[in-house]
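A quick write-up on the structure given underneath.
The values are calculated or read from the model by the stated rules, or taken from the named source; none is laboratory data. Here the structure is a predicted model, which means the values were calculated and not measured. Using ideal geometry, Cβ is built from the backbone for each residue, glycine included, and neighbour counts are taken over all protein chains shown. What goes into the accessible areas is simple: the full protein's heavy atoms, side chains included, and nothing from ligands, DNA or RNA. Shrake-Rupley method; radii C 1.70, N 1.55, O 1.52, S 1.80 Å.
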Amino acid sequence: MKYIEKHPMSLLLVGILGISVSAIFVRYSDAPSAVTAAYRMLWTVLFLTPAVFGNKSFRQELLRVDRRSLLLSLASGVFLAAHFVLWFESLQHTSVASSTTIVCTEVIWVSLGYCLFLKGRIGGKAALTIAVALVGSVLIAWSDSASGAQLYGDILAWLAAVATALYTLIGQVLRKRMSTTVYTYLVYSSCGAVLLLTCAVQGHGLFAFGVSAPLVGLALALLSTIMGHSI
């Protein structure tokens, strides 16, 4: 994680590729969206735990986390869990291309939140690019409007984009005073707990859907979370 923090641009391509394959992996799971997402987070937390508690500086940082940062991390995990459930479910109702394109409009909602809540500013070229992306997502949803199921999937993807934008904005605040490792550990742990609760509320057992869910969750954890979201 320290290498990532010192050389973020060198690993940007790896992060993009890791996130890009997640939609394809999800399609191979036979389990409900919440179950697949829960496995993703459980594997991720399992892999990160030795890295956090096996390093003295990370252990000390974790113990020093103040109440506000802890609550914001938990909130970030809730939004990330909502993103996973909404997006995974959208892939069951619309195409991978449509769902992925719409969920990637996250940049629009991040930019709006950055300006509205964090008092940031974006340039004219960035605003124009965002407008083009917004028009593109509207056109995709319009083309899918003939099919109620596909439009429903597009709406879920849009909600997933808003949820992940909130997760990203909170990270923008917290990462100024927390390391990537500790921040992601708290967020992913919170996300995993919310997803397990969601499975329980929906009446889904983690072991009731064969081996596809844990295997897909493992692939998502390694490639799309640790090598994707974290980067």
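Quick notes on this one:
- Candidates Leu91, Leu63, filtered to the one that is more than 17 Å from Arg175 (Cβ to Cβ) and open to solvent by less than 40 Å² (accessible area, probe 1.4 Å): Leu91
- Test result for Trp43, at pLDDT below 95, in a helix (DSSP H, G or I) and under 23 Å from Leu197 (Cβ atoms): no
- Matching residues, segment 108-157, being more than 20 Å from Leu169 (Cβ to Cβ), at pLDDT 85 or above and open to solvent by less than 40 Å² (accessible area, probe 1.4 Å): Gly153, Asp154, Leu156
- Between Thr168, Thr164, Thr184, Thr225, the distinction of being under 21 Å from Asp30 (Cα atoms), in contact (Cβ under 8 Å) with a residue 12 or more places away in the chain, among the β-branched types (Val, Ile, Thr) and buried (at least 17 other Cβ atoms within 10 Å of the Cβ) belongs to Thr225 only.
- Given (1) assigned to a helix (DSSP H, G or I); (2) over 16 Å from Cys104 (Cβ atoms), index of the condition Gly120 fails: (1)
- Among the numbered conditions (1) small (Gly, Ala, Ser); (2) under 16 Å from the mean Cα position of the chain (by Cα); (3) open to solvent by 50 Å² or more (accessible area, probe 1.4 Å), the only one that Ala38 does not meet is (3).
- Segment 58-111, residues that are farther than 29 Å from Ser179 by Cβ and without any contact (Cβ under 8 Å) to a residue 24 or more places away in the chain: Ala97
- Residue check, Leu197 farther than 30 Å from Leu218 by Cβ and in a helix (DSSP H, G or I): no
- Scanning segment 95-105 for residues that are open to solvent by 50 Å² or more (accessible area, probe 1.4 Å) and at pLDDT 80 or above yields Thr101, Cys104.
- When Ser76 is tested against (1) open to solvent by less than 20 Å² (accessible area, probe 1.4 Å); (2) modelled with pLDDT of 95 or more; (3) touching a Ser or Thr at 6+ places or on another chain (Cβ under 6 Å), only condition (3) is not met.
- Pro50 fulfils the conditions (1) over 18 Å from Tyr188 (Cα atoms); (2) open to solvent by 70 Å² or more (accessible area, probe 1.4 Å); (3) in a helix (DSSP H, G or I); (4) not small (Gly, Ala, Ser) except for a single criterion, (1).
- Scope segment 53-86; condition among the β-branched types (Val, Ile, Thr) and either more than 27 Å from Glu106 (Cβ to Cβ) or in a helix (DSSP H, G or I) (or both); matching residues: Val78, Val85
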